[in-house]
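Here the structure is laid out as structure tokens; the discussion comes afterwards.
Read the figures in this text as sums done on the coordinates, not as results from a lab. Only a predicted model underlies this, so the values are computations on that prediction, with no experimental measurement involved. Don't worry about glycine lacking a Cβ; one is built from the backbone with ideal geometry, like all the others, and counts go over all protein chains shown.
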Amino acid sequence: MNKNLRKAVIAGNWKMNKTRPEAKALLEAIKPLAANAEGKIEVIACVPFTNIETAVNTTAGSNIKIGAENVHFAKSGAFTGEISADMLVEAGVEYVVIGHSERRQYFGETDVTVNKRTKAALEAGLKPIVCVGETKEQREDGITEGVIGAQITLDLCGISAEDIKKTIIAYEPVWAIGTGLTATPDQAEEVCAFIRGELARIYGKDTADAVTIQYGGSMNAKNAAELLAKPDIDGGLIGGASLKAEDFNVIIQAAVNG
Ligand code: PGA
């Protein structure tokens, strides 16, 4: 990351894991290190809906912010099983993951719905973490930049320069998520720098320089320092390794040192 321009943001994406007692125990175990990181980096835990209340209470007054893993785009209404942005704000949530590749793959998420959710989140005062990334086939076909460029254009369509500064972009190559295959630091930097270039094309360089761009996809205690040393990688969206306090703490420390 470039510390002169941005602060690192380390976010756990717990996915469909942890009961409430387990959530409390995990958060208690990362609180001390997160407290040391205060002012230097941002630490976020994105948790299942049922853990939000526990997570908000456990982290009250600490340096850990709580995120959700999805949000609906309507204000309210007949959307069985969905949760609105206002409901999340009321529950004490500050961030929300939008357009994760698992939602795109298994739940019919498209760039159009990602764009609608992102706008609804911003309007309610949430900070979106918008996920983009190419599949293995797309990388092998040499169309990674085309795919990511289209996602950036469509997912962020109509979002103002002021709002984009409140938005985090997470570059998550689909082939690296949960597979143990990590993009090399150079591969990850190449795409994160490309994303910043696309943001500069849309919003201008100063605004693009203010946006946090995370890498996600098998980031862990061993590879985090190398990835975070790259100038356009401003943090991580971490799945598997965010479920173990000792691993997540190593990643927080790497970001503090980075
Ligand atoms: P992973 O997941 O770290 O387990 O690869 C990352 C993510 O899906 O956000």
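When the range 77-92 is filtered for residues that are under 25 Å from ASN57 (Cβ atoms) and small (Gly, Ala, Ser), the ones remaining, listed by number, are GLY81, SER84, ALA85, ALA91, GLY92.
Yes or no, residue by residue, for (1) under 19 Å from the mean Cα position of the chain (by Cα); (2) away from the ligand (no atom under 16 Å from the Cβ):
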residue	(1), (2)
MET1	yes, yes
VAL9	yes, no
PRO21	no, yes
LEU27	yes, yes
LYS31	no, yes
GLY61	no, yes
ASN70	yes, no
GLY81	no, yes
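Taken over the range 92-133, residues that are away from the ligand (no atom under 13 Å from the Cβ) and in contact with an Asp or Glu (Cβ under 7 Å, 6 or more places away or on another chain) amount to 8. Test ILE129 against the criterion of being surrounded by 23 or more Cβ atoms within 10 Å (Cβ to Cβ) and under 18 Å from the mean Cα position of the chain (by Cα), and give yes or no. Yes. Counting the residues of the range 147-180 that are within 16 Å of the ligand (Cβ to nearest atom), surrounded by fewer than 21 Cβ atoms within 10 Å (Cβ to Cβ) and among the hydroxyl-bearing types (Ser, Thr, Tyr) gives 1.
Within the range 181-216, being within 16 Å of the ligand (Cβ to nearest atom) and out of contact with any strand residue (DSSP E or B) (no Cβ under 8 Å at 6 or more places or on another chain) holds for LEU181, THR182, THR184, PRO185, GLN187. Selection of the range 226-246 for residues being in contact (Cβ under 8 Å) with a residue 24 or more places away in the chain, within 10 Å of the ligand (Cβ to nearest atom) and in a helix (DSSP H, G or I) yields GLY240, SER242. Quick check on my filter: what residues within the range 184-225 are crowded, with 23+ Cβ neighbours inside 10 Å, in a loop (DSSP other than H, G, I, E, B) and among the small types (Gly, Ala, Ser)? Passing the criteria: only GLY217.
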